[in-house]
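Taking it in order: structure first as C-alpha cells, then the write-up.
The values are calculated or read from the model by the stated rules, or taken from the named source; none is laboratory data. Note that the coordinates shown come from a computational prediction; the quantities given were computed from them, not determined experimentally. FYI the Cβ positions are ideal-geometry reconstructions off the backbone, even for glycines, and counts take in every protein chain you see.
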Amino acid sequence: MKHALILSLLLSGCVYGRGRQTEEPFDLDAELSRGGEQGAASPPTNARDDDPAWWTGFGVSELDALETRAAQSAPDLRTAEARVMRANALATQASAARYPTVSLNGSLSVGRSNSPVGGSIDSRSANVSLPIAWEVDLFARRANAAASARRSASASEADADGIALVLQAQVVEAYFDLVDVRSQRRLLEEDREADAHTSELVLLRFSRGLATAVDVEQARQQEIADDAQLSLLTSAETSARLRLATLLGMPPSTLPELTGSALPPPPADLGAQVHADLLAERPDLRAARSRVSAADHAVGSAIASRLPSIQLSFTPGYSSVRSESSSGNSTSTGINYTAAASLSAPLFDGFAGRARVDEQRANLMEAEAGYERALLGALVEVEATLALERDERAHHEALMRSVEVAERLVAAAQDRFRLGLSDFLPVLGALRSRTLARLALLASERRLLSLRVTLHRAVGGPLPHSAPPPSPEQEP
C-alpha cells in the first residue's frame with residue numbers, strides 16, 4: 001500500500017491537459033476592411049458601446065418598456081434559461097467527480113438465540129462508519145471532463161445570449177413595423193385631405209364650366225385610390241400588434257397602448273467604425289469557441305481513460321456489541337478502520353478505448369469547422385449589411401430629391417389647372433407621383449432602420465459610440 005501511495009503522488013504531477021487556444025482561421029481585420037469602402041476608409045476611432053441595451057440608440061423610449069417585458073416573460077428566453085440551468089448542473093456533476101466521496105453508514109440490530117443446553121442469549125450491536133473513497137486523477141481524466149462540461153455550459157450561456165439578442169431585434173423590428181404602418185396611414189391621410197381639397201376645386205371649376213366631367217371623375221378616382229390604400233393598413237397594424245404580443249409572451253388584449261406614430265430618423269453612418277474586434281462578443285462565435293474548447297478537453301479525457309487509474313479508500317468506524325445470557329454478560333466496543341488502494345490498468349478492450357478517442361477527435365474537428373463556418377458567416381453578414389446600408393443611404397438621398405421634385409411638380413400642375421392652361425390629368429399624375437415618392441422614401445427609412453438592427457445582430461449587440469438620434473416627439 002505504501003508503494004501505491006508513493007506512485008500516486010508521483011504520477012499526480014503527470015497531468016494530461018490540452019486546453020489549446022482556438023486559432024482564427026483567417027485575419028478578420030484584413031478581411032473586414034477589404035470588403036467595403038467604408039471599412040477601408042479609416043481605422044476605428046470610437047470604442048464599443050458597452051451598454052447591452054443597444055436599442056436605446058434609436059431614441060425611442062417605448063422600446064425600453066417592450067424590451068423589459070420581453071426579457072421577463074418571453075417563452076424563448078425561459079427555454080434558454082432552462083438549458084443553461086441543465087448545462088450548469090451537468091458541469092457541477094462532472095466537477096464533483098474530482099473530489100473524494102464521503103458517506104455515513106450506521107446500523108443497529110437486536111437479536112435473541114436459544115442455547116442447545118437451555119437458556120437464551122440476547123444480543124445488541126451498533127455500528128457507525130464513515131467510508132471515504134477517492135480516485136487519484138493521474139492523467140487529468142476527470143479534470144478534462146469537468147473542464148469540457150464547464151465549456152459546454154459556457155456555450156449554453158452564449159446560446160442564451162444569442163436567443164436574447166434575436167428576440168431583442170425581433171421586438172425592435174415588430175415595433176418599427178407597427179410604427180411604419182401608422183406613418184403610412186398618416187401620410188395617406190394627409191394626401192387624402194389634400195386630394196379632397198383638390199376635388200372640391202375641380203367641382204367648383206366644373207360648376208363654372210371651367211372643367212369637364214372627366215376631370216371630376218379623375219379627382220374622385222384619386223380619392224377612392226387613397227381610401228383603398230388606407231383600408232389595407234388596418235389589417236397590417238393588427239398583424240404587427242399580434243406579432244409584438246407573441247414576442248412579448250402576452251395575450252394581444254393585454255398589450256399596452258403604444259403611441260408611436262413616426263419612425264425615428266435614419267441612424268448615423270458607422271461603416272468606418274465597424275471593425276473585427278466587435279465580432280468577439282457575438283454570441284454564436286462565443287458559443288462556437290466554447291464548444292471547440294469543450295471538445296478539446298473531451299479528447300484529453302478520452303485519452304486519459306485508456307491509462308492506469310488508482311482508487312484509494314479509507315473507512316473509519318465505531319462498533320459496539322453486547323450479549324446477555326444466563327451464563328453471563330459480555331460487551332465489546334471500539335474504533336476500527338480499513339484502508340485500501342487498488343490499481344486498474346486496461347489491457348485489452350477490443351479497441352473500444354481507441355475508438356472513443358477517435359470519436360472525440362472527430363467531435364473536435366467538427367467543432368473547429370463549426371467555429372470557422374460561424375466566423376465566416378459573421379464576417380459575410382457584417383460586410384453584406386454594411387454594403388446594403390451604404391447603397392440604401394444613396395438610394396434614400398435620391399428619394400429625398402425625388403420627393404422635392406414631386407412637390408414642385410404638384411404645385412406647378414395645380415397652378416396650370418387653376419389658370420385653365422391644362423386639364424386635370426397632369427394634376428392627377430403629379431399627385432400619384434408625389435404619393436408614391438413619399439411612400440418610397442418612408443420605405444427607404446424603414447429599410448435603413450432594419451439594416452441597422454441587422455448590423456447590431458451581426459456584431460452581437462452594441463456598436464461603437466454614436467450620438468442617438470432625436471426621438472420622434474422632438475422632431476419639428
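Before moving on, here are some points about what is shown:
- Some residue of the stretch 207-227 being surrounded by fewer than 19 Cβ atoms within 10 Å (Cβ to Cβ), touching a residue at least 24 places away in the same chain (Cβ under 8 Å) and among the charged types (D, E, K, R): yes
- Residues considered: Pro426, Pro464, Pro476, Pro469. Of these, the only one that is in contact with a strand residue (DSSP E or B) (Cβ under 9 Å, 6 or more places away or on another chain) and either at pLDDT 90 or above or of a type outside the set (Val, Ile, Thr) (or both) is Pro464.
- All of (1) among the aliphatic types (A, V, I, L, M); (2) out of contact with any strand residue (DSSP E or B) (no Cβ under 8 Å at 6 or more places or on another chain); (3) farther than 30 Å from Ala149 by Cβ; (4) exposed (fewer than 14 other Cβ atoms within 10 Å of the Cβ) hold for Val110 with one exception: (2).
- Within the set Ser290, Ser301, the sole residue that is in contact with a Ser or Thr (Cβ under 9 Å, 6 or more places away or on another chain) and under 30 Å from Asp349 (Cβ atoms) turns out to be Ser301.
- Selection of first residues in the stretch 387-403 that are among the basic types (Lys, Arg) and of second residues that are surrounded by fewer than 16 Cβ atoms within 10 Å (Cβ to Cβ), restricted to Cβ pairs under 9 Å at least 6 apart or on distinct chains, gives the following pairs, ordered by first then second residue: Arg390/Glu37; Arg390/Asp269; Arg393/Asp269.
- Selection count where residues are touching a helix residue (DSSP H, G or I) at 6+ places or on another chain (Cβ under 6 Å) and within 21 Å of Leu307 (Cα to Cα), scope the stretch 88-139: 8
- Within the stretch 241-269, the set of residues being of a type in the set (Ser, Thr, Tyr) and in contact (Cβ under 8 Å) with a residue 40 or more places away in the chain comprises Thr259, Ser261.
- All positions within the stretch 261-312 that are of a type in the set (Asp, Glu), part of a helix (DSSP H, G or I) and within 30 Å of Arg393 (Cα to Cα): Asp277, Glu281, Asp284
- Meets criteria (charged (D, E, K, R) and assigned to a loop (DSSP other than H, G, I, E, B)) for Asp423: yes
- Residues that are more than 30 Å from Val453 (Cβ to Cβ), modelled with pLDDT under 90, aromatic (Phe, Trp, Tyr) and part of a loop (DSSP other than H, G, I, E, B) are absent from the stretch 402-417.
- Matching residues in the stretch 341-373 - criterion: being part of a helix (DSSP H, G or I), in contact (Cβ under 8 Å) with a residue 24 or more places away in the chain and among the aliphatic types (A, V, I, L, M): Val357, Leu364, Ala367
- Odd one out for Leu379, checked against (1) modelled with pLDDT of 90 or more; (2) surrounded by 16 or more Cβ atoms within 10 Å (Cβ to Cβ); (3) under 27 Å from the mean Cα position of the chain (by Cα); (4) of a type in the set (A, V, I, L, M, F, W, C): (1)
- Residues of the stretch 350-376 that turn out to be hydrophobic (A, V, I, L, M, F, W, C) and buried (at least 16 other Cβ atoms within 10 Å of the Cβ), as a count: 5
- Options Leu130, Leu188, Leu165: the member that is over 19 Å from the mean Cα position of the chain (by Cα) and farther than 30 Å from Ser332 by Cα: Leu188
- Of all residues assigned to the stretch 173-192, at least one qualifies as being surrounded by fewer than 21 Cβ atoms within 10 Å (Cβ to Cβ) and without any contact (Cβ under 8 Å) to a residue 40 or more places away in the chain.
- Test: Ala164 is farther than 13 Å from Arg457 by Cα and surrounded by 20 or more Cβ atoms within 10 Å (Cβ to Cβ): no
- Within the stretch 166-173, one or more residues are more than 30 Å from Ser320 (Cβ to Cβ), among the small types (Gly, Ala, Ser) and assigned to a helix (DSSP H, G or I).
- Scan the stretch 413-432 for residues that are among the small types (Gly, Ala, Ser) and either closer than 19 Å to Arg185 by Cβ or surrounded by fewer than 18 Cβ atoms within 10 Å (Cβ to Cβ) (or both) and the total you get is 3.
- Selection within the stretch 361-391 - more than 15 Å from Arg452 (Cβ to Cβ) and basic (Lys, Arg): Arg361, Arg373
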